[in-house]
Amino acid sequence: MNHLLMKMKMIRTAKHPNFEKINPILEQWIHFLPQIEPDSYTNLVAAKRTSYCCYPQPFMDLGNWVAKTFNYNYDWDNAEVELWGAVYNKGHYAIKHGHGDPDNPEKHVVSFVYYVNAPEGSSPLVFADTNQTFEPEAGLCITWDEDEEHEVPQNQCDNRIIVAGNFYSN
């Protein structure tokens, strides 16, 4: 088993040291990339969501920073990863959900959200089962394992922008 994904058993956070430089680039890419068509398994109501598997180098660079910062031994060439961007406007939200694979419980996943833009009125990320709430702020990254169900309450502003991702074990 890939030990990148040993159970974290906690929710962890870090602030990107160069967020003021990388966030405008990430935001441009999120606006540039095509909108993914709605699907039956989505848990998010947002103004825009990019594809899970078609992402530019700045997304990969962010994923590498996440892996390094949280000490994940991740091999981009031999493991599965999903990265996507999303824009939440007023009234948008994400219902309570997890990121594990119920059809393959041996396949572990570590997930993250990274805040590209977090204007006043941006909804927090809520982990109700552990009674933890994280207020968004530009450059903040939050990671958790697949057992942590989470949600985003109805957003109260426009232009809350995130990049999210999943690192799967092989």
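Once the piece of chain linking Thr69 and Cys53 is laid out straight, how much longer is it, given 0.36 nm per residue of separation minus the C-alpha distance between them?
3.5 nm
What percentage of the solvent-accessible surface of the chain, computed with a 1.4 Å probe over protein heavy atoms, is contributed by carbon and sulfur atoms?
Result for the chain: 50 percent of the exposed heavy-atom area is carbon or sulfur.
In deg cm²/dmol, rounded to 500, what helix-only [θ] at 222 nm does the chain give when every DSSP H run of at least 4 residues adds -39500 (n - 2.57) and the total is split over its residues?
The helix-only estimate for the chain comes to -5000 deg cm²/dmol at 222 nm.
For Met10 and Phe32, calculate 0.36 nm times their separation in residues minus their Cα-Cα distance, and state this gained length in nm to one decimal. Each step should come with its number before you reach the end.
Values: separation 22, 0.36 × 22 = 7.92 nm, distance 3.41 nm.
So the extension gain works out to 4.5 nm.
With charges only on Cβ, +1 for K and R and -1 for D and E, what is the dipole size of region 11-170 about its Cα centre, in debye, rounded to 20?
On the way: 10 positive and 23 negative charges, 120 e Å.
Here region 11-170 has a charge dipole of around 580 debye.
Dipole size in debye (nearest 20) for region 69-150 around its Cα centre, Lys and Arg Cβ +1, Asp and Glu Cβ -1? Working shown, then result.
Values: 3 positive and 16 negative charges, 96 e Å.
Value, rounded to 20: 460 debye.
Please report Rg (one decimal) and Dmax (integer) in Å for the Cα set of region 28-170.
Rg then Dmax for region 28-170, in Å: 14.4, 40.
On a full-extension model of 0.36 nm per residue, what is the gain between Ile95 and Met60, subtracting their alpha-carbon distance, rounded to one decimal in nm?
Computed gain between Ile95 and Met60 is 10.0 nm.
Quick check: pseudo-label points 7 Å beyond the Cα along Cα→Cβ at Asn104 and Gln132, how many nm apart are they?
2.6
Putting +1 on Lys and Arg Cβ atoms and -1 on Asp and Glu Cβ atoms, find which of Pro56, Val109, Leu44 reaches farthest to the positive end of the dipole of the chain.
Value: Pro56.
The values are calculated or read from the model by the stated rules, or taken from the named source; none is laboratory data. For clarity, every value in this text was computed on a predicted model and none was experimentally measured. Quick reminder, even Gly has a Cβ in these numbers, built from the backbone with ideal geometry, and neighbours come from all protein chains shown. What goes into the accessible areas is simple: the full protein's heavy atoms, side chains included, and nothing from ligands, DNA or RNA. Shrake-Rupley method; radii C 1.70, N 1.55, O 1.52, S 1.80 Å.
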